[in-house]
Amino acid sequence: MKLDHVGVAVKSIEASSKLYRDYLKLGDGEREELPGEHVRVAFFDADGARIELLEPIGTDGALARFLATRGEGMHHVAFAVSDLQGAIKEAVAAGHRPVDAQPRRGSGGRLIAFIHPSTTHGVLIELIQAVQIR
């Protein structure tokens, strides 16, 4: 596994981008809207280490609920894997609880799956298929 990015839940990408764009000088950030997930995202590249800002669209998605209960801050840590389906099976075999039993599409059209923080010492883990499959 290779670290892909760290996800940060924010109320506003525009307001939060000032830190990454203006202070840390990471550029404007690649943005995308994922209506099915009820989120907008912006990725900032810091010499290969990526930060993903996640802003809720509306009040009914999982990210909106996360912000309402926990506030802004780290949301997840994402790892690229060569075999996403196999990684999900390995997680289950190791006693971890998947949020997604089957891969689904995430930003950039990549296949993703999450592992529930109740079995990962409080950290939501995202697994990402390393090679984009269409």
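Could you check region 28-54 and list, in sequence order, the residues that are touching a Phe, Trp or Tyr at 6+ places or on another chain (Cβ under 7 Å) and among the β-branched types (V, I, T)?
Across region 28-54, the qualifying residue is only I51.
Give the residue, chosen from V77, V41, V81, that is surrounded by fewer than 18 Cβ atoms within 10 Å (Cβ to Cβ), at pLDDT 95 or above, within 20 Å of A130 (Cβ to Cβ) and touching a strand residue (DSSP E or B) at 6+ places or on another chain (Cβ under 9 Å).
One residue alone meets the criteria, V77.
Quick one: would you say E126 is surrounded by fewer than 16 Cβ atoms within 10 Å (Cβ to Cβ), at pLDDT 95 or above and of a type in the set (D, E)?
Taking the combined requirement at face value, the residue does not satisfy it.
Here are I88, I112, I57: which of them is over 16 Å from L124 (Cβ atoms), surrounded by 13 or more Cβ atoms within 10 Å (Cβ to Cβ) and not acidic (D, E)?
Answer to the check: I57.
Please state which one of A15, A101, A68 is of a type outside the set (F, W, Y) and either under 22 Å from A130 (Cβ atoms) or surrounded by 15 or more Cβ atoms within 10 Å (Cβ to Cβ) (or both).
A101
If you go through region 20-38 one residue at a time, how many are among the aliphatic types (A, V, I, L, M) and surrounded by 15 or more Cβ atoms within 10 Å (Cβ to Cβ)?
2
Can you tell me how many residues in region 105-120 are within 13 Å of E33 (Cα to Cα) and part of a loop (DSSP other than H, G, I, E, B)?
The number of residues fulfilling the criteria is 1.
When residues of region 82-104 are filtered for being within 21 Å of E37 (Cα to Cα) and either of a type in the set (S, T, Y) or in contact (Cβ under 8 Å) with a residue 40 or more places away in the chain (or both), how many remain?
So the answer is 1.
Pick out, from region 1-101, the helices (runs of 4 or more DSSP H) lying fully within it that include 1 or more residues that are within 20 Å of L111 (Cα to Cα).
Where helices (runs of 4 or more DSSP H) fall fully within region 1-101 and carry at least 1 residues being within 20 Å of L111 (Cα to Cα), they are 62-70, 84-93.
Restricting to region 84-94, count the residues that are within 20 Å of S118 (Cα to Cα) and either among the charged types (D, E, K, R) or in contact with a strand residue (DSSP E or B) (Cβ under 8 Å, 6 or more places away or on another chain) (or both).
6
List, please: which pairs have Cβ atoms under 9 Å, are six or more places apart or on different chains, and start with a residue in region 31-49 that is farther than 22 Å from A62 by Cβ and among the charged types (D, E, K, R) and end with one that is modelled with pLDDT under 90 and crowded, with 18+ Cβ neighbours inside 10 Å?
What qualifies is D45/G29.
The values are calculated or read from the model by the stated rules, or taken from the named source; none is laboratory data. The structure presented is a predicted model; accordingly, all values stated were derived computationally and were not measured. We place every Cβ from the backbone using ideal geometry, glycine too, and count neighbours over all the protein chains shown.
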